[in-house]
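Asker: The structure follows.
The values are calculated or read from the model by the stated rules, or taken from the named source; none is laboratory data. Remember, predicted model here, so these are calculated numbers, not experimental data. Here the Cβ is made from the backbone with ideal geometry for all residues, glycine too, and neighbour counts use every protein chain on show. The protein model used for the area step is the full one, side chains on, heavy atoms only, and it has no ligands, DNA or RNA in it. Shrake-Rupley method; radii C 1.70, N 1.55, O 1.52, S 1.80 Å.
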Amino acid sequence: MDKRTKGIVVVGVLVIIAMIAVVIGIVGRRVTNIIGSGNDVPSGKVMTLDELYADIDVSEAVPVRGTVTLDTPDLYEELPEIDKYPLAVEGQGDIDVEIFTSGEKAGKDNDSWLIDVADNFNGSGVKTADGKSVSMSVRSVPSGTAADYIISGKYLPDLYTPSNTLFGEYAISNNGSLELYADRLVGNTAGILVKKDSGYKNATDVIKDVQDNKITMGYTNPQTSATGLNLLLTLLQDGDDNFTKFNSNIPYVAYTTQQMRDSASNGTLDAMLSEYQAYINDSNLVSMYDFIAFGVRHDNPVYICDKEGKSAAELEAVQLVVDYCKSGDMQAIAAKKGFNANDDYVSAEKFSGAQVTQGLKTYKKIKDNGRDIIAVFVADCSGSMDGDPMNQLKSSLTNGAQYINDNNYIGMVSYASDVTVEVPVAQFDLNQRSYFQGAVNNLIASGGTASYDAVVVAMKMITDAKVQHPDAKCMLFLLSDGYANIGYSIDDITGALRDSGIPVYTIGYGSDADSDELAKISGVNEATTINADSDDIVYKIKSLFNSQL
């Protein structure tokens, strides 16, 4: 090869290298590899929302109408098959007594009392008078969800032990086939946790300071949580205005008491709901908060279901199970797990099933105190969502939209490798519902996953809409499997998200969803994360939308 030829080759190589460098410079910002973000965000720099948004290419979809239903939704139709809540203990006796229980009695470690009871019972060889072996099965179901199963008749256990009497009485007043069998299985109390040494001595003073916006507090969804329902009814005793004034300053509503404990134990809230048994078993909570009991006691009553349909032997088996739970040895186990404390606390209130029913209706009607709500839904349409996750995302949005009030302002963003504004924010009237449904119908899974670019775009839509509605309550719903591989990282946007104050409610789809990543972004501004597979995601989204929208 002569010198001239070599020179041409060298120049050609340099040109190719230069072109590659240019391409990398253009594309590199958009691609995240496995060792970090591909965005040009200097280390330690907190970028503003406008700075983040300026570096994203956003397209807008042509609005397409979809068919919507104006029928009143049946809240029970979305209940998943009962196998979604698997048995924690499965009995094998000739007569098996199945009990629905709230999570603090059938979880792990110190939340496993009823599991321990069932294991001991099943190993003790208990028999009825006519020689039939008796066993005990335990199924953990949130108190409100369990009431829904019983009211609808979709599934009836033999016994039902919610945290307190409220959901039991609610189920009875709504024609559920059950009646109170025993006032108490194991003792507990509901409480408000307040920052250590804050000086509060009673719940009334805490509630007043929340109403006056002096402290921040989180509580649990009264439609699913017995503790949240307890607080709701306590507040409503002094009139609807007492609740709406309180609720207007609440930044965070959790799905269950356990979720409240797990997501708020970082100490960012001045106050939050708990039960004493959960509080005393969490050294982190004990070190940061004091416990103030309130409302009705949480003595875990027992209700019998379909009593009239049970044989004499089955009724005998039920009595044997309840007596065993209340025995001295089993109560000693309960005490070691934090139950049976605060027995000197006496409930000042008692609520009927009719009062509970009215209270839940009032909650849905007035929880936003007339304030506008601005919400943007962010739908993951990346390739990893193909198949069942995408089908469930579309189904849950279609069904969930029925529970969104007309006065709210709703928008939608979809994303894969790029971000598309599917539906700009507008009042969720019939016209907007139609566009929303049309966008849902047309979602297709393919491409990469620019999750945090999409969150930035949604934040921008919300803040722009808030200019027209300055008093609005804002929220963002991220529906995803949690994996991001293109564009901004969660660390890139955390500062802007925190400054915005917008809570990001995350819903994880598929058994492989990255729940830790979803929980991390929900934790920035104290929002809820729901991790659910295809069997119950629709029901859980219904509950979430019912409480938030």
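Asker: Consider ASP343 against the criteria (1) part of a helix (DSSP H, G or I); (2) of a type in the set (D, E, K, R); (3) within 24 Å of THR204 (Cα to Cα): it satisfies all of them except one. Which criterion is unmet?
Answerer: If we test ASP343 against (1) part of a helix (DSSP H, G or I); (2) of a type in the set (D, E, K, R); (3) within 24 Å of THR204 (Cα to Cα), just (1) comes out false.
Asker: So which pairs qualify, if the first residue must be in the range 135-159 and farther than 16 Å from TYR170 by Cβ, the second must be in a loop (DSSP other than H, G, I, E, B) and aromatic (Phe, Trp, Tyr), the Cβ gap must be under 6 Å, and the two must be at least 6 apart or on different chains?
Answerer: These pairs meet every condition: ARG139/TYR85.
Asker: Inspect all residues belonging to the range 407-419 and state whether any of them is crowded, with 24+ Cβ neighbours inside 10 Å, over 13 Å from PHE377 (Cα atoms) and among the aromatic types (Phe, Trp, Tyr).
Answerer: So far as the range 407-419 goes, no, none of its residues is crowded, with 24+ Cβ neighbours inside 10 Å, over 13 Å from PHE377 (Cα atoms) and among the aromatic types (Phe, Trp, Tyr).
Asker: Considering only residues that are hydrophobic (A, V, I, L, M, F, W, C), in contact (Cβ under 8 Å) with a residue 40 or more places away in the chain and out of contact with any Leu (no Cβ under 9 Å at 6 or more places or on another chain), which ones fall in the range 414-438?
Answerer: VAL419, VAL421, VAL423, VAL425
Asker: Could I ask something else about it? Looking only at the range 457-497, count how many residues are under 19 Å from ILE507 (Cβ atoms), open to solvent by less than 20 Å² (accessible area, probe 1.4 Å) and small (Gly, Ala, Ser).
Answerer: Of the residues in the range 457-497, 3 are under 19 Å from ILE507 (Cβ atoms), open to solvent by less than 20 Å² (accessible area, probe 1.4 Å) and small (Gly, Ala, Ser).
Asker: Follow-up question, since we're still on this one. Can you name the residue in the range 420-436 that is in a helix (DSSP H, G or I) and open to solvent by 20 Å² or more (accessible area, probe 1.4 Å) and is also nearest to SER396 (Cα to Cα) among such residues?
Answerer: Only one residue tops the list, namely ARG433.
Asker: Out of curiosity, is PHE100 touching a strand residue (DSSP E or B) at 6+ places or on another chain (Cβ under 9 Å) and not in a strand (DSSP E or B)?
Answerer: No.
Asker: Which one is farthest from TYR276 (Cα to Cα) among residues in the range 333-351 that are open to solvent by less than 50 Å² (accessible area, probe 1.4 Å) and of a type in the set (Gly, Ala, Ser)?
Answerer: Checked the range 333-351; the qualifying residue farthest from TYR276 (Cα to Cα) is SER347.
Asker: For the range 305-336, give me each residue that is hydrophobic (A, V, I, L, M, F, W, C), in contact (Cβ under 8 Å) with a residue 60 or more places away in the chain and within 20 Å of LYS127 (Cα to Cα).
Answerer: Answer for the range 305-336, where residues must be hydrophobic (A, V, I, L, M, F, W, C), in contact (Cβ under 8 Å) with a residue 60 or more places away in the chain and within 20 Å of LYS127 (Cα to Cα): ALA313, ALA317, VAL318, LEU320, VAL321, VAL322, CYS325, MET330.
Here is a yes/no grid of residues against (1) in contact with a Lys or Arg (Cβ under 6 Å, 6 or more places away or on another chain); (2) of a type outside the set (A, V, I, L, M); (3) not in a strand (DSSP E or B):
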| site | (1), (2), (3) |
| --- | --- |
| GLN277 | no, yes, yes |
| ASN284 | no, yes, yes |
| SER287 | no, yes, yes |
| PHE291 | no, yes, no |
| ASP299 | yes, yes, yes |
| GLU308 | no, yes, yes |
| LEU315 | no, no, yes |
| VAL318 | no, no, yes |
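Asker: It is to be established whether one or more residues within the range 377-384 are part of a helix (DSSP H, G or I) and surrounded by fewer than 18 Cβ atoms within 10 Å (Cβ to Cβ).
Answerer: The answer is yes, given that some residue of the range 377-384 is part of a helix (DSSP H, G or I) and surrounded by fewer than 18 Cβ atoms within 10 Å (Cβ to Cβ).
Asker: On to the next question. Please determine whether any residue of the range 401-409 is out of contact with any strand residue (DSSP E or B) (no Cβ under 9 Å at 6 or more places or on another chain), in contact (Cβ under 8 Å) with a residue 12 or more places away in the chain, farther than 23 Å from TYR452 by Cα and part of a helix (DSSP H, G or I).
Answerer: So far as the range 401-409 goes, yes, one or more of its residues are out of contact with any strand residue (DSSP E or B) (no Cβ under 9 Å at 6 or more places or on another chain), in contact (Cβ under 8 Å) with a residue 12 or more places away in the chain, farther than 23 Å from TYR452 by Cα and part of a helix (DSSP H, G or I).
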